Structure formats: C-alpha cells, structure tokens
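Q: My structure is below; once you've seen it, I'll send some questions.
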Amino acid sequence: VEAFAGQRVIAVSTALGHNLALTADGGVWSWGCGVHGRLGHGHQQHQLLPKKVEILAGRRVVSVSAMDTHSLAVTADGAVYGWGNGGHGRLGHGDQQDQLLPKKIE
C-alpha cells in the first residue's frame with residue numbers, strides 16, 4: 001500500500017468498519033469508519049487510506065487492538081491508550097465520553 005511507503009507493517013487488527021496497523025518503528029496507522037473517533041485522528045471522518053495516528057508518534061507502540069467502536073494501543077513502557085466510543089466505560093478513563101484522540105489510561 002502506497003500509504004506505508006518505506007514502512008514495514010508488523011501487525012494489524014481489524015474490526016467492524018475500521019483497521020489498525022502497527023509498523024516496525026512503533027507507529028500506528030488507521031483507516032475506515034471514523035464514527036466515535038475510533039481512528040484517533042481528532043475527528044469522526046472516514047479515512048479511505050491508512051493514515052498515521054500522529055498523537056502516538058514517538059511513543060513506541062508495541063501492540064494495537066481494534067474493537068467494533070473503539071481502539072487500544074500498548075506502548076513499550078507499558079502504558080495503555082484508548083480512543084473511540086467511551087460508552088459503558090470501555091475506554092478505561094472513568095467516564096463514558098468518546099475520545100477522538102488516543103488518551104492514556106491512568
């Protein structure tokens with residue numbers, strides 16, 4: 001895929017409507033349905049091509065998981081980030097708010 005030019009994808013996670021890819025340098029890329037902010041780009045627009053989740057740049061992500069309406073990422077230092085649909089507390093932030101950008105679980 002041209003969007004990954006120069007990047008080696010080492011893992012993917014797919015869900016109902018969106019996808020995440022993890023590159024060897026710890027970068028996270030997302031595309032598909034943007035409802036609830038599940039792509040992590042700060043808005044709810046759909047993304048037709050893979051786009052880097054810029055807020056996670058430099059955090060060395062080692063694992064990603066795409067759920068139906070939200071996403072999670074784990075960094076090399078053990079931090080967990082959640083974004084997307086916050087209903088029922090699924091993001092682990094102590095509320096039910098949607099997160100349009102990845103937010104660290106405290």
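Q: Residue by residue, what Karplus-based ³J(HN,Hα) values in Hz, rounded to whole numbers, does region 44-58 have, using 6.51, -1.76 and 1.60 with θ = phi - 60° and x for Gly and Pro?
A: For region 44-58, the Karplus curve yields 10, 6, 6, 10, 7, 10, x, 9, 5, 7, 4, 5, 8, 4, x Hz.
Q: Can you run phi through the Karplus equation (6.51, -1.76, 1.60; θ = phi - 60°) for region 6-13 and list ³J(HN,Hα) in whole Hz, with x for Gly and Pro?
A: My calculation for region 6-13 gives x, 10, 9, 7, 10, 7, 9, 9 Hz in order.
Q: Also, I was wondering about something else. For Ser63, list long-range residues whose amide hydrogen, built 1.01 Å from N in the peptide plane, is under 5 Å from its own amide hydrogen.
A: Val74
Q: Calculate one ³J(HN,Hα) per residue across region 94-101 by plugging θ = phi - 60° into the Karplus curve 6.51 cos²θ - 1.76 cosθ + 1.60, and present them in order as whole Hz with x for glycine and proline.
A: x, 8, 10, 7, 5, 10, 7, 10
Q: Report the label-to-label distance for Asp77 and Ile10 in nanometres (one decimal), using points 7 Å from each Cα along the Cα→Cβ vector.
A: According to this spin-label approximation, the distance is 1.8 nm.
Q: For the chain, rounded, prolate or oblate, judged on the Cα gyration tensor with a ≥ b ≥ c (square roots of eigenvalues), a/c < 1.5 rounded, else prolate if a/b > b/c?
A: oblate
Q: A further question follows. Amide H neighbours of His70 under 5 Å, counting only residues 5+ apart in sequence or on other chains, H built in-plane at 1.01 Å?
A: Asn85
A short reminder: the numbers here are calculations on the coordinates, not readings from a lab. From a predicted model like this one, the values you see are computed outputs, not experimental measurements. So basically every Cβ, Gly included, is an ideal-geometry build from the backbone, and we count neighbours across all protein chains shown.
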